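Report on one structure; see the data block that follows.
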Amino acid sequence: MEFKKFNFSPEEGFCDSTFYEDTPGNPREILQRQHNQTRDFINSLVDKLNNSNEGESGIEMIKSPPIEGVSGNNPYSQIKSIKTQLDSVALKEVPDHSIGEEKIKDNSISKEKIKDGEVTSEKLSPDTVAPFSEEALNLNSIPSEKFSPVFLSSSIGVYKECLGKADINYVLKGKNYGNKRYLNTDGTITSLNLENGDIETFAVISDITFKDFIVDEDERLYLFNSSYSSSKYRLWIYVYNPEYKICELYKTVDLNSVSSSGYEIYKADFNKDYIYILLAYRSTGTCHYYLYEIKRAELDNSDEVDSVGYTSFSDAREAFLGCNDNTVIFGNKAVVKRDFENVLKLDFTVKGISSGNVFSEGSSILVRDAKNFQPKLLVCDNLASFTGFLWKDFIYAYIGGYIAKGRIF
């Protein structure tokens, strides 16, 4: 409720010549009429101010500016909110989110008051010393007394958790999207949950042929194939419809820069802004690879794209394609921050890229920084030949038919 402004009736009073005659028949009544309206409005206003019924009282009609931490837009509701808060304090019921660090006494929180399982590595100081750390071996020149927090003390040679029994091809041919590693086996795409080891059938593709796929942030499956006609390569992009279990043609894009036949889609990957396609010509002799980049936000309007990168090998070795939001690696070359004018040639073989790390399987320099490719994790010779992959801060390895995981960062 709120107060309303007073208006005469008629609104212009005596000045309204259409309402009042020039020579009225009862001049006293007409002269008193406007005063009666003023009197009645003032008396009505007094009655409202004197009303003590909640929802109709005058104090509830008076508006007031907001007060931080207090609810209501009039004095009554704001006073009521303050009283409720004061009552809560008086009853030792402290309002939520109201005690700051300065109100807590130093050295006053006991271990019994900390909920079990709630202290994480991120909450520990970098100089925290773990019990019995002196008994551990040094890791990469980190002295044992500084092995805590826990994420500093893991060794790739010791896997503390068995994720579960799985096909070795999840390691050899799988690709990570979200928290899952996907594997295509003759058109059946399955997923391995990298957190709990669950394996599920994601899609069974039988209505089209495809060379590679990606799974976006919404677990939408895109499939890619290519064709050659009239000296032009065409990229075919399909989207899998899980409701009807069919693949629907989403888009075709012409791939320029290559005019000879014999090429086909080799691999696909994406980051938050771009889709990357590797077009390959593979033979027993020299193998050629062209890299294409399609902006995801402009995919619907992209009818043709030019190659942004090229590499080749003198043999039919496996060529890697992978990316994060900063770096794209294809074959033996890398592009940082989309600087395609200054492509880097790598002197090591990449097997995977995850978060900010590059994985080089079968190498003494097992993990490098994805921004500058400097070594981050070095291993001794007897560990350099194991088969595995990276995901976030973990390394996964295939051991005796099982996939094991261990934190390395």
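For segment 322-332, indicate whether the set of residues that are assigned to a strand (DSSP E or B) and open to solvent by 30 Å² or more (accessible area, probe 1.4 Å) is non-empty. Before you say what the answer is, go through the steps one by one.
Of segment 322-332, the ones assigned to a strand (DSSP E or B) are 322-323, 327-330.
When the remaining residues are screened for being open to solvent by 30 Å² or more (accessible area, probe 1.4 Å), the result is none.
Checked against the condition, which is being assigned to a strand (DSSP E or B) and open to solvent by 30 Å² or more (accessible area, probe 1.4 Å), segment 322-332 yields no hits at all.
Of the numbered conditions (1) in a helix (DSSP H, G or I); (2) at pLDDT 75 or above; (3) within 60 Å of the chain's Cα centre (by Cα); (4) basic (Lys, Arg), residue 39 satisfies every one except a single condition; which is it?
With (1) in a helix (DSSP H, G or I); (2) at pLDDT 75 or above; (3) within 60 Å of the chain's Cα centre (by Cα); (4) basic (Lys, Arg) applied to residue 39, the lone miss is (3).
Would you mind telling me which numbered condition in (1) hydroxyl-bearing (Ser, Thr, Tyr); (2) open to solvent by less than 80 Å² (accessible area, probe 1.4 Å); (3) under 27 Å from residue 300 (Cβ atoms) residue 170 fails?
For residue 170, the failing item is (3).
I'd like the full set of residues that are under 27 Å from the mean Cα position of the chain (by Cα) and over 26 Å from residue 356 (Cα atoms), limited to segment 300-324.
Taking segment 300-324 as the starting set, the residues that turn out to be under 27 Å from the mean Cα position of the chain (by Cα) are 300-302, 320-324.
Once the filter is applied, which keeps residues that are under 27 Å from the mean Cα position of the chain (by Cα) and over 26 Å from residue 356 (Cα atoms), segment 300-324 yields 300, 301, 302.
Can you go through 219, 195 and tell me which one is outside any strand (DSSP E or B) and on the phi > 0 side of the Ramachandran plot? Reasoning before the result, please.
Working: 195 fails: on the phi > 0 side of the Ramachandran plot.
The match here is 219.
Scan segment 161-177 for residues that are under 15 Å from residue 352 (Cα atoms) and not in a strand (DSSP E or B) and jot them down.
Scanning segment 161-177 gives 169, 170, 171, 172, 173, 174.
If residue 339 satisfies every condition in (1) open to solvent by 40 Å² or more (accessible area, probe 1.4 Å); (2) touching a residue at least 12 places away in the same chain (Cβ under 8 Å) but one, which is the exception?
(2)
What's the total number of residues in segment 383-397 that are modelled with pLDDT of 90 or more and of a type in the set (Ser, Thr, Tyr)?
Count: 1.
Give 80, 111, 115 a once-over and let me know the one that is basic (Lys, Arg), in contact with a Gly (Cβ under 8 Å, 6 or more places away or on another chain) and modelled with pLDDT of 65 or more.
Values: 111 fails: in contact with a Gly (Cβ under 8 Å, 6 or more places away or on another chain); 115 fails: in contact with a Gly (Cβ under 8 Å, 6 or more places away or on another chain).
Selected residue: 80, the only one of 80, 111, 115 that is basic (Lys, Arg), in contact with a Gly (Cβ under 8 Å, 6 or more places away or on another chain) and modelled with pLDDT of 65 or more.
Kindly indicate whether residue 277 is more than 19 Å from residue 217 (Cα to Cα), touching a residue at least 12 places away in the same chain (Cβ under 8 Å), among the β-branched types (Val, Ile, Thr) and outside any loop (DSSP other than H, G, I, E, B). Even if it seems obvious, please write down each step before you answer.
On the way: more than 19 Å from residue 217 (Cα to Cα): no; touching a residue at least 12 places away in the same chain (Cβ under 8 Å): yes; among the β-branched types (Val, Ile, Thr): yes; outside any loop (DSSP other than H, G, I, E, B): yes.
The answer is no for residue 277.
More than 21 Å from residue 174 (Cβ to Cβ), in contact with a helix residue (DSSP H, G or I) (Cβ under 9 Å, 6 or more places away or on another chain) and open to solvent by 30 Å² or more (accessible area, probe 1.4 Å): which single residue out of 300, 306, 315, 273 fits that description? Talk me through it step by step, then tell me what you get.
Values: 300 fails: in contact with a helix residue (DSSP H, G or I) (Cβ under 9 Å, 6 or more places away or on another chain); 306 fails: in contact with a helix residue (DSSP H, G or I) (Cβ under 9 Å, 6 or more places away or on another chain); 315 fails: in contact with a helix residue (DSSP H, G or I) (Cβ under 9 Å, 6 or more places away or on another chain).
Only one candidate qualifies: 273.
Would you mind finding the one in 240, 228 that is open to solvent by 20 Å² or more (accessible area, probe 1.4 Å), out of contact with any Cys (no Cβ under 6 Å at 6 or more places or on another chain) and not aliphatic (A, V, I, L, M)?
Numbers: 240 fails: out of contact with any Cys (no Cβ under 6 Å at 6 or more places or on another chain).
On inspection, the qualifying residue turns out to be 228.
Results for (1) basic (Lys, Arg); (2) in contact (Cβ under 8 Å) with a residue 24 or more places away in the chain, shown as yes or no for each residue.
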residue: 291; (1), (2): no, yes
residue: 295; (1), (2): yes, no
residue: 316; (1), (2): no, yes
residue: 327; (1), (2): no, yes
residue: 335; (1), (2): no, yes
residue: 347; (1), (2): no, no
residue: 354; (1), (2): no, yes
residue: 358; (1), (2): no, yes
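Has segment 200-216 got at least one residue that is within 15 Å of residue 299 (Cβ to Cβ) and free of Cβ contacts under 8 Å to residues at least 60 places away in the same chain? Talk me through it step by step, then tell me what you get.
Let us first name the residues in segment 200-216 that are within 15 Å of residue 299 (Cβ to Cβ), namely 214, 216.
In the following step, the residues that additionally are free of Cβ contacts under 8 Å to residues at least 60 places away in the same chain were identified as 216.
Scanning segment 200-216 turns up at least one residue that is within 15 Å of residue 299 (Cβ to Cβ) and free of Cβ contacts under 8 Å to residues at least 60 places away in the same chain.
The values are calculated or read from the model by the stated rules, or taken from the named source; none is laboratory data. This one's a predicted model, so the numbers in the text were calculated from it and none came from an experiment. For neighbour counting, all protein chains shown are included, and Cβ atoms are generated from backbone atoms with ideal geometry for every residue, glycine included. Surface areas here come from the heavy atoms of the whole protein model, side chains and all, with no ligands, DNA or RNA. Shrake-Rupley method; radii C 1.70, N 1.55, O 1.52, S 1.80 Å.
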